[in-house]
Amino acid sequence: MANDFHALIPAGGAGSRLWPISRRDRPKFLYDFLGSGRTMIQSTFDRLAAIAGADHVSVITGVAHEAAVRAQLPDLPDANLFCEPVGRDSTAAIALPAAILAERYGGDCVIGSFAADHVIRDDETFADCVREAVAAARAGYVTTIGIAATRPSTAFGYIRQGASLAGRVPDAPHARVAEAFVEKPDAATAAAYLATGEYRWNAGMFVMKTGVLLDLLKRLKPEIHRAVTDIASVWDGPADVRAEAMERIWPGIEKIAFDYAVAEPLAAEGGVAVVPGGFGWDDIGDFNSVAALIPSADPFNNKIIGETGKVICLDSAGNVIAPESGRMVAVLGADDLVVIDTPDALLVAPRARSQEVKRMVAALAARGEDSVL
């Protein structure tokens, strides 16, 4: 990859559908769900460093996770870790690093944002897609990578593809115009999308020139533009000046997703490109997602997250079990359950309701049970 490409890893969110493993102080990107020996953020860093070089990878995360990120990513340059005191959603999380990199390298450098907690199964194909996305970004497009939809999922947003851009961007032969971004559909609508062949999952991967993004923000979200450029102008100066600017400016930035602030309105103008991605992707959104990516522990399709020797299943099938407390977990005559045992919290739920674990987290928060969140 040419020297103008910089990869960004936004590392935020609590991963509440994966509670009680994922917590506010140790969110899912700091955990090795797949038993690979690398946490999710480590795997993401490895993948992007192989494309851009370790010195061209940056991370933006909450101040609460700064020490953990530094410990897990010793090859991340100190200057490439950006910490936010409070989360302001994905627009600010992408815009601030873009503004800082524009200060350092100019508006023609290309930034690509890739979440810390996604699983990619084919790194080589992923790298090819990123190269095409960078080529489209150099041509002036805000470019996204649209994931091949393998099922009519209601858990993801979708991107509708339009005409080919191969004639305009020869180095991105598979790029197409992104005609629209659409919200998570109901089951019937998702099936209809899949049947057309024109829709892909929206994984929130965006690649663009820093100058293009800042110009768009100046037009579409001028207050966010003003805030991030003011902070970026002092970021590489004295630490106390940077801290004062963050404390004064950052909490007041509008909290809005990048899709809403930039991608959707720009797609309506024809300014977004989509590169199709067929590299095997999952956002590990719940325990069913984890189960789909790990091998069965026995002939009855029981899946174990963590130490297999701490689980015994009799006359039980299709369960997802995590013995995180260190004690033995014994399941007898029970099927299709999620059983997550940690030292201070135990979750038991039907697998079919994995997406609803977030409701339990909200209920615990409403009861003031902050110590387990």
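Taking only the C-alpha atoms of the chain, the Rg (one decimal) and the largest Cα-Cα distance, Dmax (whole number), read 21.2, 64 Å.
Between helix 222-235 and the chain there is an angle of about 90 degrees, using the helix long axis and the longest principal axis of the Cα atoms. 3J(HN,Hα) along the stretch 279-294: 9, x, 9, 8, 9, 6, x, 7, 6, 5, 5, 4, 4, 5, 10, 10 Hz, from the Karplus curve 6.51 cos²θ - 1.76 cosθ + 1.60 with θ = phi - 60°, whole Hz, x for Gly and Pro.
Counting only DSSP beta bridges with both residues in the chain, the antiparallel share comes to about 45 percent.
Summarising the amide proton neighbourhood of VAL329: residues at separation of 5 or more, or on other chains, whose placed amide H is nearer than 5 Å comprise VAL311, ILE312. Largest to smallest in accessible area, the residues GLU103, GLU66 fall in the order GLU103, GLU66 (1.4 Å probe, all protein chains included).
Helix 210-220 and the longest principal axis of the Cα set of the chain meet at an angle near 90°. Amide H contacts for GLY146 (H built 1.01 Å from N in the peptide plane; partners 5 or more residues away or on another chain; cut-off under 5 Å): VAL275, GLY277.
When the surface is traced with a 1.4 Å probe over the full set of protein chains, CYS83 keeps roughly 20 Å² accessible.
Under 5 Å from the amide H of ALA322 lie the amide H atoms of ILE305, VAL339, ILE340, ASP341, each residue being 5 or more positions distant or on a separate chain, with H modelled from the backbone and absent for Pro and chain starts. For the chain, the per residue solvent-accessible surface stands at 43 Å², with DNA, RNA and ligands left out and a 1.4 Å probe. Considering only VAL207, VAL329, VAL320, the mean-square fluctuation computed in a Gaussian network model of the chain, springs between alpha carbons under 10 angstrom, is largest for VAL329. Summed over qualifying helices (DSSP H, 4 residues or more, each -39500 (n - 2.57)) and divided by its residue number, the chain shows a 222 nm mean residue ellipticity of -10000 deg cm²/dmol.
For the stretch 311-316, putting each phi into the Karplus relation 6.51 cos²θ - 1.76 cosθ + 1.60 with θ = phi - 60° gives couplings of 10, 9, 10, 10, 6, 9 Hz, in residue order, rounded to whole numbers and with x for Gly and Pro. If only the Cβ of Lys and Arg carry +1 and only the Cβ of Asp and Glu carry -1, the dipole of the stretch 105-223 around its Cα centre is close to 300 debye. Applied to the stretch 102-117, the Karplus parametrisation 6.51 cos²θ - 1.76 cosθ + 1.60 on θ = phi - 60° returns per-residue 3J(HN,Hα) values of 5, 5, 7, 10, x, x, 8, 5, 9, 10, x, 9, 9, 4, 6, 10 Hz, with x for Gly and Pro. Under the shape rule built on the C-alpha gyration tensor, where the axes satisfy a ≥ b ≥ c, the stretch 168-265 is prolate, since a/c reaches at least 1.5 and a/b is greater than b/c.
Taking the 0 to 90 degree range and rounding to the nearest ten, how far is the long axis of helix 357-366 tilted relative to the main principal axis of the chain, both from C-alpha atoms? So the helix axis and the longest Cα principal axis differ by about 90 degrees.
The values are calculated or read from the model by the stated rules, or taken from the named source; none is laboratory data. Treat the numbers as computed from the prediction; the structure is a model and nothing was measured. We place every Cβ from the backbone using ideal geometry, glycine too, and count neighbours over all the protein chains shown. Only protein heavy atoms, including side chains, enter the accessible area calculation; ligands, DNA and RNA are left aside. Shrake-Rupley method; radii C 1.70, N 1.55, O 1.52, S 1.80 Å.
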